[in-house]
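The structure under discussion appears below in the form of structure tokens.
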Amino acid sequence: MKAYLAILYARMATLFQYRGAAFAGIATQVFWAIIKTMILTPFYAQASVLQPISLTQAITFIWLGQALLALLPWNIDKELEAQVKNGNVSYELVRPINLYSLWYARAFAIRTVPTIMRCIPVFMIAILFFFGLSAPVSWLASLTFGISLILGAFLSAAITTLIIISLFWTISGEGIQRLMPHVALLLSGLIVPLPLFPEWLQPFLNLQPLRGVIDIPSRLYTGVIPIQEAFYYLGFQLLWILILVGIGKWLMNRGLRQIVIQGG
């Protein structure tokens with residue numbers, strides 16, 4: 001475990017150096033949050049039927065989504081991608097460490113560090129300039145939001161690791177890497193809050209794992225999920241983590257049995 005924690009710490013320390021990228025991300029995410037708020041407000045004003053969440057909750061969903069954008073599994077570690085493409089992954093295979101755990105630790109770092117660097121400034125801007133971000137409905141909601149956010153990071157890292165493992169079969173990985181951002185943005189509720197989707201889509205949206213990254217934490221934060229039901233949704237996130245980690249380890253073992261090293 002010490003080896004993987006050391007890898008995680010080293011990767012996180014490296015990612016904290018990208019302050020310029022974090023600043024650009026903050027500016028972009030604040031801009032899009034304001035634009036989406038401007039679009040959503042007249043939508044609610046002209047709505048002829050009662051919406052499943054209030055306008056205040058919907059705006060808070062938008063700000064939470066933008067603040068936590070980097071948590072989504074929309075990209076992968078470029079160093080690991082290069083290792084598979086040029087054959088340097090062979091060096092990792094002769095080391096006395098588990099390759100899945102190594103990649104998972106690096107995926108967790110790439111999901112959490114950019115999020116930490118961007119979310120706090122976005123929260124502060126939204127609060128200081130009264131852009132509509134409401135406070136958590138209670139201290140218990142804050143607590144469950146924090147726990148859910150941690151589980152969301154582990155869930156996102158598991159999905160990211162699966163994308164990396166797919167390189168054993170696709171090599172270039174361009175297809176899934178171009179598709180995944182759009183899927184993640186849509187199914188996480190970042191483009192449109194999931195409660196606002198049509199009723200006939202809700203059964204699917206409520207079962208798919210990407211809702212556990214941003215949608216469930218946002219619902220706990222805003223009180224859309226009552227605190228009495230929090231354990232069910234935290235269990236939902238934990239179950240998907242276990243499922244995706246299990247699938248990832250199985251695919252990793254299968255991929256390593258038939259791996260062909262590229263380059264040399």
**Request:** Run I216 past the list (1) within 23 Å of P114 (Cα to Cα); (2) modelled with pLDDT of 95 or more; (3) surrounded by fewer than 22 Cβ atoms within 10 Å (Cβ to Cβ) and report the number of the one that doesn't hold.
**Result:** (3)
**Message:** Which count do you get for residues in segment 48-58 that are assigned to a helix (DSSP H, G or I) and open to solvent by 20 Å² or more (accessible area, probe 1.4 Å)?
**Reply:** 3
**Request:** Using the structure shown, decide if A45 is open to solvent by less than 20 Å² (accessible area, probe 1.4 Å) and either modelled with pLDDT of 95 or more or not charged (D, E, K, R) (or both).
**Result:** no
**Request:** Could you please let me know if I176 is more than 19 Å from the chain's Cα centre (by Cα), open to solvent by 50 Å² or more (accessible area, probe 1.4 Å) and aliphatic (A, V, I, L, M)?
**Result:** no
**Message:** So, E229, is that one open to solvent by 10 Å² or more (accessible area, probe 1.4 Å), of a type in the set (D, E) and closer than 21 Å to S148 by Cα or not?
**Reply:** yes
**Asked** Would you pick out the residues in segment 77-97 that are farther than 17 Å from A10 by Cβ and open to solvent by 50 Å² or more (accessible area, probe 1.4 Å)?
**Response** K85, N86, N88, L93, V94, P96
**Prompt:** Checking W74 against (1) open to solvent by 50 Å² or more (accessible area, probe 1.4 Å); (2) in a helix (DSSP H, G or I); (3) closer than 21 Å to L210 by Cα, which test does it fail?
**Reply:** (2)
**Prompt:** Which is out of contact with any Ser or Thr (no Cβ under 8 Å at 6 or more places or on another chain) and buried (at least 19 other Cβ atoms within 10 Å of the Cβ), of M124, M117?
**Reply:** M117
**Tally of residues being open to solvent by 10 Å² or more (accessible area, probe 1.4 Å) and part of a helix (DSSP H, G or I) across segment 194-209** = 11
**Request:** Go over the candidates S148, S156 one by one and state the one that is out of contact with any His (no Cβ under 6 Å at 6 or more places or on another chain), farther than 22 Å from L99 by Cβ, surrounded by 22 or more Cβ atoms within 10 Å (Cβ to Cβ) and not basic (K, R).
**Result:** S148
**Prompt:** Residue check: is M12 farther than 23 Å from L220 by Cα and either in contact with a strand residue (DSSP E or B) (Cβ under 9 Å, 6 or more places away or on another chain) or in a helix (DSSP H, G or I) (or both)?
**Reply:** yes
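The values are calculated or read from the model by the stated rules, or taken from the named source; none is laboratory data. Please read all numbers here as calculations on a predicted model, not as lab measurements. Reconstructed Cβ throughout: ideal geometry from the backbone, glycine too, with neighbour counts over all protein chains shown. Side chains included, ligands, DNA and RNA excluded: accessible areas come from the protein's heavy atoms. Shrake-Rupley method; radii C 1.70, N 1.55, O 1.52, S 1.80 Å.
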